[in-house]
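**Student:** Can you keep this structure in mind? I'll have questions shortly.
The values are calculated or read from the model by the stated rules, or taken from the named source; none is laboratory data. No experiment lies behind these values; they were computed from the predicted model shown. Each accessible area value is taken on the protein alone, full model and side chains, heavy atoms only, with ligands, DNA and RNA left out. Shrake-Rupley method; radii C 1.70, N 1.55, O 1.52, S 1.80 Å.
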Amino acid sequence: MTTPWGELALARFPEDPRERLRAWDASDEYLLRHLADQETSLSGTVVAVGDRWGALVTALAAHRPVQITDSFLAQEATRANLERNGVETGSVRLLTTQDPPPDRVDVLLVRVPKSLALLEDQLLRLAPAVHEGTVVVGTGMVKEIHTSTLRLFERILGPTRTSLAEKKARLIFCTPEPSGEPTANPWPYSYTLPDGIGPVSGRTVVNHAGVFCADRLDIGTRFFLQHLPVTKGTRRVVDLGCGNGVVGTAVALADPEAEVLFVDESFQAVASAKATYKANGVPGHAEFRVGDGLAGVPAGSVDLVLSNPPFHSHQATTDTTAWRMFSGARRALRPGGELWVIGNRHLGYHVKLRRLFGNSRLVAGDPKFVVLKAVKT
């Protein structure tokens with residue numbers, strides 16, 4: 001990536017030589033170019049929110065910025081990209097969306113997320129640290145910035161306008177007008193599940209901002225919950241890509257002897273899963289882990305993996321994440337262990353499972369979704 005401060009070598013994480021998606025886009029370039037053109041002072045506390053693969057903070061590392069991200073993969077990519085460009089990792093303060101933000105922010109850079117709720121939550125959390133002199137610049141591709149996006153900046157921070165588009169990217173300029181009155185944050189959000197979905201009927205779900213389907217149970221998960229395997233006697237179960245943890249919680253409620261591991265690369269998701277589990281007073285043993293799928297889980301240590309894998313990486317449609325999750329599941333499962341997957345029928349997960357496991361069986365299906373099972377032989 002070419003920046004006003006030189007050329008950077010950047011990659012996504014985990015690095016894959018076959019990966020065609022870049023670790024930056026035109027909106028990152030536009031924002032960095034704007035900071036240089038305006039000779040923006042970067043001597044104070046610079047905070048970059050939602051920096052997807054570390055492109056922004058790697059370029060600005062000389063100014064010791066703070067990165068705030070919901071993504072474990074983005075955080076690992078940032079560390080790798082700093083090292084790749086000969087920059088000390090300690091030059092950037094790495095925070096998650098669950099960490100307390102800095103007390104004062106002088107330059108706030110916001111890479112607009114796909115989730116409007118996550119943007120709302122982060123702006124509300126940062127608002128007390130923003131002052132009248134704070135430079136606030138958001139960035140995103142044109143298709144990512146909507147009227148609702150601008151209204152959030154306006155409502156929480158102050159008057160907002162946008163730039164002209166360049167290479168299908170746009171900037172957001174916000175002039176902070178601190179009111180001194182803290183605005184209540186609606187996140188995390190809780191709701192009660194309806195009847196008819198097994199052990200979690202009438203139970204509580206807790207969602208932090210940015211977690212998929214934060215205000216209701218999505219139809220795919222509802223279908224999955226109606227077709228979960230009976231886990232009596234199963235020792236270790238993984239809710240892989242756990243989101244709000246409702247699937248793993250259903251397993252723990254049905255079988256208190258099961259050991260359930262909740263895994264997601266989203267810090268918000270794992271916090272949601274932990275809160276959902278706790279809210280329902282589930283007996284038994286559970287572990288909550290933020291990470292890259294089942295990396296770090298000992299091979300042959302798992303009896304059952306349950307997963308509803310994503311098929312998007314930000315705005316890009318890709319099966320890379322699902323493929324990595326399936327491969328990790330096969331490695332982690334003991335012989336005879338099972339991977340149960342739900343997905344949209346058109347995604348053709350059965351083909352991938354057969355390539356990896358040598359087998360795939362349809363457990364249940366409807367016009368939109370399929371539940372598939374693969375057994376490690």
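**Student:** Percent of accessible area on the chain owned by carbon and sulfur, 1.4 Å probe?
**Tutor:** 50 percent
**Student:** Just from its helices, what would the mean residue ellipticity at 222 nm be for the chain, if runs of 4 or more DSSP H residues each count -39500 (n - 2.57) and the sum is divided by every residue, rounded to the nearest 500 deg cm²/dmol?
**Tutor:** One gets -8000 deg cm²/dmol as the mean residue ellipticity at 222 nm.
**Student:** Per residue, how much accessible area does the chain have with a 1.4 Å probe, in Å²?
**Tutor:** 44 Å²
**Student:** Still on this structure: Quote the accessible area belonging to ASP292 in square angstrom, nearest 10, computed with a 1.4 Å probe and with ligands, DNA and RNA left uncounted.
**Tutor:** Approximately 30 Å² for this residue.
**Student:** Okay, next question. Which value does Rg/Rh take for the stretch 195-346 over its C-alpha atoms, Rh per Kirkwood?
**Tutor:** 0.93
**Student:** Here's a follow-up. Which angle from 0 to 90°, rounded to the nearest 10, does the C-alpha axis of helix 26-37 make with the longest principal axis of the chain?
**Tutor:** Orientation of helix 26-37: about 20 degrees from the principal axis.
**Student:** Now a separate question. Springs between alpha-carbon atoms under 10 Å, Gaussian network over the chain: tell me which of PRO256, PRO335, PRO17 tops the mean-square fluctuations.
**Tutor:** Comparing PRO256, PRO335, PRO17 in a Gaussian network model of the chain, the most mobile one is PRO17.
**Student:** Over all alpha-carbon pairs in the chain, figure out the percentage whose distance exceeds 40 Å.
**Tutor:** The proportion of pairs with Cα distances above 40 Å equals 19 percent.
**Student:** Taking square-rooted eigenvalues a ≥ b ≥ c of the alpha carbon gyration tensor, is the stretch 328-373 rounded, prolate or oblate, where a/c under 1.5 means rounded and, failing that, a/b exceeding b/c means prolate?
**Tutor:** In terms of gyration-tensor shape, prolate.
**Student:** Could you compute how fast the stretch 173-272 diffuses translationally, taking Rh as the Kirkwood radius over C-alpha pairs and applying Stokes-Einstein at 37 °C with viscosity 0.692 mPa s? Give it in µm² per second.
**Tutor:** 218 µm²/s
**Student:** Once phi is turned into ³J(HN,Hα) by the Karplus curve 6.51 cos²θ - 1.76 cosθ + 1.60 with θ = phi - 60°, what whole-Hz value does each residue of the stretch 158-165 show in order, with x for glycine and proline?
**Tutor:** Karplus-based 3J(HN,Hα) across the stretch 158-165 equals x, x, 9, 9, 10, 8, 5, 7 Hz.
**Student:** Cα atoms only: what Rg and Dmax, in Å, come out for the stretch 140-185?
**Tutor:** Rg and Dmax of the stretch 140-185, Cα atoms, are 12.1, 39 Å.
**Student:** Another one. Across the stretch 192-201, in residue order, what do the Karplus-derived ³J(HN,Hα) couplings come to in whole Hz, using 6.51 cos²θ - 1.76 cosθ + 1.60 with θ = phi - 60° and x for Gly and Pro?
**Tutor:** Using θ = phi - 60°, the values come out as 9, 6, x, 6, x, 10, x, x, 9, 4 Hz.
**Student:** Take the residue pairs LYS114/LYS167; LYS114/LYS168; LYS232/LYS278; LYS274/LYS368; LYS278/LYS373; LYS232/LYS368 and return only those whose Cα atoms are more than 25 Å apart.
**Tutor:** Violating the 25 Å limit, Cα to Cα: LYS274/LYS368; LYS278/LYS373; LYS232/LYS368.
**Student:** Would you check the accessible area of THR175, probe 1.4 Å, heavy atoms only, in square angstrom rounded to 10?
**Tutor:** 80 Å²
**Student:** Still on this structure, I have one more. Residue by residue, what Karplus-based ³J(HN,Hα) values in Hz, rounded to whole numbers, does the stretch 247-264 have, using 6.51, -1.76 and 1.60 with θ = phi - 60° and x for Gly and Pro?
**Tutor:** Per residue, the Karplus-derived 3J(HN,Hα) values read 5, x, 5, 4, 5, 5, 5, 6, 9, x, 7, 6, 9, 10, 9, 9, 10, 7 Hz.
**Student:** To the nearest 10 square angstrom, what accessible area does HIS63 show with a 1.4 Å probe?
**Tutor:** Approximately 70 Å² for this residue.
**Student:** If you don't mind, another one. Could you tell me how far the Cα centroid of the stretch 145-191 sits from the Cα centroid of the stretch 244-259, in Å?
**Tutor:** If you average the Cα positions of each part, the centres end up 38 Å apart.
**Student:** Please state the relative contact order of the chain as a whole percent: Cα pairs under 8 Å, 6+ residues apart?
**Tutor:** Here the relative contact order equals 11 percent.
**Student:** Could you list which residues have their amide H under 5 Å from that of VAL49, counting only those 5 or more apart in sequence or on another chain, with H placed in the peptide plane?
**Tutor:** Long-range HN contacts for VAL49: ILE68, LEU109, VAL110, ARG111.
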